[in-house]
Amino acid sequence: MDNSFSDYMTAKLQDPIIKKEYDALEPEYTIIHAMIDARKRSGLTQKELADKTGITQGDISKIERGNANPSLNTLKKLADGMNMTLQLVFSPTEGSFPATVRGE
């Protein structure tokens, strides 16, 4: 096969319906990748993180595979278990806010 996966995705994302669905999943995958990266930087296995947090290894695995929707409290526990803080940021999308804010 001559085409790479990147070429395939670029072509598929030209379809507005596929692009919309793909974009809708991006925040979820960002959280998953951030959690996996944080756990690995902490030098912990899923089992070790489970032992530190009281969250089962199976549940951690489900979160990391995208098969669970953890609560904010669960994410805080995981961050604490990795000796990290959980940060949540709301960022405006391009062009979503006027130049001035009413009431200021």
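The numbers here are math on the coordinates, done by the rules we state, and not lab data. As the structure is a prediction and not an experimental result, all values here were calculated from the model. So basically every Cβ, Gly included, is an ideal-geometry build from the backbone, and we count neighbours across all protein chains shown.
Worth a mention:
- When LEU13, LEU72, LEU78 are sorted by how many other C-beta atoms sit within 10 angstrom of their C-beta, beginning with the fewest, the order is LEU72, LEU13, LEU78.
- Most fluctuating residue given options THR93, THR45, THR74, as computed from a GNM of the chain linking Cα atoms under 10 Å: THR93
- Rough spin-label spacing in nm, given labels placed 7 Å along Cα→Cβ, for ILE31 and GLN87: 1.8 nm
- Look at (1) 1.11; (2) 0.94; (3) 0.98: the one that is Rg/Rh (Cα atoms, Kirkwood Rh) derived from this structure is (1).
- Theoretical FRET efficiency, 1/(1+(r/R0)^6), r = Cβ-Cβ of TYR22 and LYS62, R0 25 Å, to 0.05: 0.70
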